[in-house]
Amino acid sequence: MNVKQQDKLATGILYTIAGIIILVLASLLAFILIQGLPHVTWHFLTAPARSFEAGGGIGIQLFNSFYLLVLAMLISVPLSLGAGIYLSEYAKKNWLTSLIRTSIEILSSLPSVVVGLFGFLIFVIQFKFGFSILSGALVLTVFNLPLLTRNVEESLASISSMQREAGLALGLSRWETVMRIIVPEALPGITTGMILGAGRVFGEAAALIYTAGQSAPALDFTNWNPFYIASPLNPMRPAETLAVHIWKINSEGIMPDAVAVSAGASAVLIVAVLLFNLGARWFGQHLYQKMTGTGKKGA
Amino acid sequence: MKKRILLVAALLLSLVTLTACQSSADRGESITVVGSSALQPLVEAAGEQYGSEHLGKFINVQGGGSGTGLSQIQEGAVAIGNSDMYAEEKRGIKAKQLVDHRVAVVGITPVLNKKIGVKNLSFAQLKAIFTGQVTNWREVGGPNLPIVIVNRAQGSGTRVTFEKWVLRGAQAKQAQEQESTGMVRQIVATTPGAISYMAFSYVDKTVAAVNVAGVAPTDQNVTTNKWQIWSYEHMYTNGQPKGLTKDFIRYIYSDAIQEKMLPKLGYIPVNHMQIERDLKGNVTATKGG
Amino acid sequence: MKDYDLTKTAIKTFDPEVQEIALSTDDLHVFYGSKEQIKGVSLQFPRYQISSIIGSSGSGKSTYLRSLNRMNDEIQIARVTGKIMYRGLDINQPKIDVFEMRKHIGMVFQRPNPFAKSIYDNITFAPIRHGVKDKKVLDQLVETTLQQAGLWKEVKDTLHKSALALSGGQQQRLCIARAIAMKPDILLLDEPASALDPISTSVVEDTLAQLKAHYTIIIVTHNMQQAARISDYTAFFHQGVALEYAETKRIFTKPAIQATDDYVSGHFG
Amino acid sequence: MDPIRESLLKVSHQAKLERRGRIIGLFCISLIVIVVAAIFYFVASRGLATFYHDKINLWDFLTKQAWNPGTKDSHGNPAVGALPMIVGSFLVTIFAAIVATPFAIGAAIFMTEISPRRGMQILKPVTELLVGIPSVVYGFIGLTVVVPVIRQLFGGTGFGILAGTMVLFVMILPTVTSMSVDALQAVPRYYREASLALGATRWQTIYKVVLRSATPGLLTAVVFGMARAFGEALAVQMVIGNAALLPHNLVSPASTLTSILTMGIGNTIMGSLENNALWSLALILLLMSLVFNLLIRLIGRKGAMK
């Protein structure tokens, strides 16, 4: 076989591989959507769940997922940004830093159930937050911080050190240089990481079972006073999320339409992740343009 | 941008602290019930109904398993701990300080994959199957098909009850384990030669329940103890219940729950029992019988 | 490579009464880890003059320049000892506010490094952060600095376009404009023309000649013709030592040291 | 007095900002360090209690095959042999990596070398979307699709190492792919140009130049994927069968450290041997993740030296 044929063959194989991957994903998506979408109605999206009768919806779970996501990201984004900046800009290159880095990375491959149990013992019991959105958001923060921090650090490190020198040579502090020049430039990378993190938050079940809880008490959508117990904004109420709901009905569901609810909820979850993905990407691009004054990424 | 994020975070944190400090009067009242996944549907349904009848009062129900329920109530982290077994049966639990409320009875039946076709098994056969002495359905009057055992997780209430009355102290064969009844049912339904066990309420058309020693798995047979594989569902409180906890437990014992809701969900009301069985398995007739 | 006697040096000194000194170093040493990069350099840079530093690659000329406004502080393994005298103060000591100091001792780097922002923002960014808020003042600042850097005509209609869209030469002049927008006392340039084509280079050189009226300029270059063209004084570095420092004309016509002679006549190494 | 000289001796606004920024950063990183330390302490203290408090022999724990912490064996010792789970975890991880590597690297080559435009427009969003699918859904699909198919093809129950491998393969694919893309993109363009200019075909260039110089990065991607696979719990638990038995073949029910851990943790009482033994499994997971990490570093260092 001569080199030309080899080249053709290899290209063919690569096309096949790319095709297979797309096929696998397409069939995955199709499977979830075809099974689930027929069950998705406006009623399904807004009605509260029923524990043992047919006809329940996922309204509260859907809201909980989003609220938890927002809360978790509000806590973890600034923290990971601060930590990532510290690691990439300030930390001395010594054994202590590398120890910290290593332990953060190890934490990121810990099974989420271990993190969930840790959160349960610390936040739910020790801090007496109970099964609540707050406990859930905190445990998701713990769960997500290593990944986000690493991502921020890597994104910052990928920006040329010449940019830092430029800022410093103008008499700016390293902090201001990083916050106003390096971070905006690293924004696409940081946003991608945040999106992936948010996707993990949205789909996480194991860590939430013991922290945000598995019950979705009825919410009073007319009362937005965060102190009222049935208020959607109350961070101290238990909140079953969509992923936990899927897990629960798959394992212990006794409602007659459990299969349909589970399939429908999975489809909604996928669609939500997809929409979120696109939205965050658009937002990141928008922010990047606004902060750097560029139409497109420069040369 | 950073400042804004920090500001929002600070606001939220203060909000949270405020919320935590607020008196219970303006934010309603709630208790948390944790534990046995077998009892979870009942308490959840009852809690929902209770909440709709008592405005501003909320019952939060969590699963997690009997072990979680017992250890949480022992630590005083929750108001009620649900369990499928007596607290005394679980190692590491100081049962003395806990108050037992037996709110329902659940019968547990062996279930088979429908294609096996075996209708009746003796206790000896069941024991032989689950200890691994018998590995083919042919040996117990079925088709020539290897037996696939599906267990619940070690320590699960359903498994403890089943092994207590079927194996009677013998060591179970190491086999597949599943965390939840839903998974077990799905696996038994789709795997040729599969056998497992589950609460009556979970048995549906996809799996086949069998008679044990000629006794059918019915509520009626449980109330007379002719069907021996059953357990009480316990709601444990740490000390005598007070306030909302007490009110809710009383509500569970009310006719609205016991007579109307329990049968619909597949549980047997405690006062239907014609016998009483204590921790050691001693059976005595009750007033009802 | 020939071995030159590093102890034999010819360093010009100035009489402060006659010539005002903008910046000077006294026995400056720079260590990267355990390696000594600069081995005790003492030089005086006169005010409103262009001084250039020449020498082969690895002679330590850039390292020396970077320590003048303490950019070497940002390299963790670097350690600088000796005195850097500026306005009667040794600025190589912790109590000196390094950020304030860098406002007065600006720097332009070897490769153009504009921020990923618009041309306008590139220039106004630092002044705004240092407290200039008035829009009119900023507009004026952008125009004057760009004019001083010889870039105004080319970009005056595209001020709000990304600076990254400019050519390399334009970017470098923008960086110069950005540096002088801080109205520094002293401008340090680290081979500012090394990445540029000949035309851009000559524009940058013209720019520097004009800036000389208001700024003290210290420029590192590997291009001897450039040093000869634009500078008033020239220092020759070799292996971390300043071997000779004198009027530029003298360095290129009658060097006092053999090494300098070899270097400027192309027989070096 | 010289105002510039004066200002040099004062603390400037920027210096204050710098100090504040450093403190904020330090605060964030300390918080993370505290959390990490707390989790490590937490897992280690409970995981080690099995050996100190309950007097289990470490060697027995690692090599014995019987896992039944609630009961005692013939010598009166609790049966806590974690070997089946350790073997199971390693098998699914290694197999998943073996299957995923060619696909991931192939896809990465496609995206960077063959058809960057289409690759980046279709394949990249597609792989990133895969990351967003929750593991519950993967497990659900594994249970309803993969397990029956395996049962049809190979007999048995369908649960086992093979099913776990298939599910993990799809789960780690996006991670490995996107990291491989990064590794390939890091190869300077002039390497390729030089090779092509010398008359090499595209495939020769990819194979002999690009892949070779990206090897450390690609290895890192694979090891990272393995670390992921090792720690995955819910999805694997749904398809592997969770039998604490040494697997005889790829289609007999087996178990992993995570599956046994996740399953048992709700049914045991804090402080009991059953519970401690599960935390010992978590400790093994933690240590393995340390090993994977060191491996990644080692590869990185080798790559840097080249």
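Laid out as a table, the results:
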item	result
FRET efficiency, A:Ile22 to A:Val70 (Cβ-Cβ, R0 30 Å, nearest 0.05)	0.40
Axial C-alpha extent at least 20 Å, average Kyte-Doolittle at least -1.0 - helices from chain D (DSSP)	D:13-52, D:83-109, D:161-185, D:211-231, D:273-305
Zone residues, segment B:192-211, relative to B:Thr224, backbone N less than 18 Å from point 7 Å out along Cα-to-Cβ	B:211
Proximal lysines relative to C:Lys153, as straight alpha-carbon distance under 24 Å, when same-chain residues fewer than 8 apart are discounted	C:Lys117, C:Lys135, C:Lys136, C:Lys161, C:Lys183, C:Lys212
Lys, Arg +1 and Asp, Glu -1 on Cβ, resulting dipole of chain A about Cα centre, debye, nearest 20	680
Sequence-separation-based contact order of segment D:83-305, relative, with Cα cut under 8 Å and 6+ spacing, percent	30
Chain C, relative contact order in percent, only Cα pairs under 8 angstrom and at least six apart counted	29
Of A:Ala260, A:Ile249, A:Gly199, farthest towards positive along the dipole that unit charges on Lys, Arg, Asp, Glu beta carbons give chain A	A:Gly199
Dipole magnitude of the protein assembly as shown about its Cα centre (Cβ charges: Lys, Arg +1; Asp, Glu -1), debye to nearest 20	820
Mean separation of Cα contacts under 8 Å, 6 or more apart, over the residue count of segment A:40-292: relative contact order %	26
Sites D:Ala37 and B:Arg250 - FRET efficiency at Förster radius 35 Å, r taken between beta-carbons, to 0.05	0.15
For segment D:3-80, with +1 on Lys and Arg beta carbons and -1 on Asp and Glu, the positive-most of D:Ala44, D:Val11, D:Asn68 along the dipole	D:Val11
Where labels lie 7 Å past Cα in the beta-carbon direction, separation of C:Ser42 and D:Arg301 in nm	4.5
Cα-based shape type of chain D, given that a ≥ b ≥ c are square roots of the gyration tensor eigenvalues and the cut on a/c is 1.5	oblate
Virtual spin-label span in nm between B:Gln133 and D:Ala186, 7 Å along Cα→Cβ	6.2
Burial ranking of peptide ranges B:254-266, A:162-174 (average Cβ count within 10 Å, highest at the top)	A:162-174, B:254-266
Shielding by other protein chains, B:152-160, mean Cβ within 10 Å	5
Nearest-20 debye value, chain D charge dipole, Cβ charges on Lys, Arg, Asp, Glu	980
Selected from B:Gln154, B:Ser180, B:Val140, residue furthest toward positive end of dipole (segment B:133-186; charges at beta carbon)	B:Val140
In degrees, nearest ten, helix B:181-190 long axis to first principal axis of chain B (Cα)	40
Number of partner chain Cβ atoms within 10 Å, mean per residue of A:94-103	3
Nearby aspartates and glutamates by direct alpha-carbon distance to C:Lys254 (threshold 18 angstrom, same-chain neighbours under 8 apart not counted)	C:Asp232, C:Glu244, C:Asp262
Peptide B:195-202, shielding by other chains (average Cβ, 10 Å cutoff)	1
Nitroxide proxy distance, nm - points 7 Å out along Cα→Cβ at B:Phe123 and B:Val215	0.8
Chymotrypsin sites (Phe, Trp or Tyr not before Pro) within segment A:107-173: DSSP coil, no more than 15 neighbouring Cβ in 10 Å	A:Phe127
Filter on B:Lys127/B:Lys280; C:Lys39/D:Lys16; C:Lys133/D:Lys16 - keep pairs with C-alpha separation over 24 Å	C:Lys39/D:Lys16
Within-12-Å neighbourhood charge of A:Gln6 [Cβ basis; K, R +1; D, E -1]	+3
For segment B:70-79, Karplus couplings with θ = phi - 60° (6.51, -1.76, 1.60), whole Hz, Gly/Pro x	5, 6, 5, 5, 5, 7, x, 7, 10, 7
Under Karplus coefficients 6.51, -1.76 and 1.60, residue-wise ³J(HN,Hα) of segment B:258-263 in Hz, glycine/proline x	4, 8, 8, 7, 3, x
For A:Phe131, distant residues with modelled amide H under 5 Å away	none
Cα-based helix-to-principal-axis angle, A:133-157 vs chain A, degrees rounded to 10	20
Derived scalar couplings ³J(HN,Hα) [segment A:57-70; Karplus, 6.51 cos²θ - 1.76 cosθ + 1.60; whole Hz; x for Gly, Pro]	x, 9, x, 5, 4, 5, 4, 4, 4, 5, 5, 4, 4, 4
Cα gyration tensor, chain A - rounded (a/c under 1.5), prolate or oblate	oblate
Placed amide H near D:Val80: partners under 5 Å, 5+ positions off or other chain	D:Asn68
Tilt relative to chain B, helix B:40-53 - C-alpha long axis, 0 to 90 degrees, to 10	40
Three-way shape label, segment D:114-250, alpha-carbon gyration tensor, a/c 1.5	prolate
Antiparallel bridge percentage (DSSP; both residues within the protein assembly as shown; nearest 5)	60
Eligible lysines near C:Lys35 by straight Cα distance, threshold 16 Å, same-chain separation 8 or greater	C:Lys61
Computed FRET value (nearest 0.05) for D:Lys208 with A:Ala157, which takes r as the C-beta separation and R₀ as 30 Å	0.50
Peptides C:68-79, D:93-104 ordered by average Cβ neighbours within 10 Å, highest first	D:93-104, C:68-79
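Read-outs: derived from the displayed coordinates by stated rules, not from any lab. Because the structure is predicted, anything quoted here is derived from the model rather than measured. For neighbour counting, all protein chains shown are included, and Cβ atoms are generated from backbone atoms with ideal geometry for every residue, glycine included.
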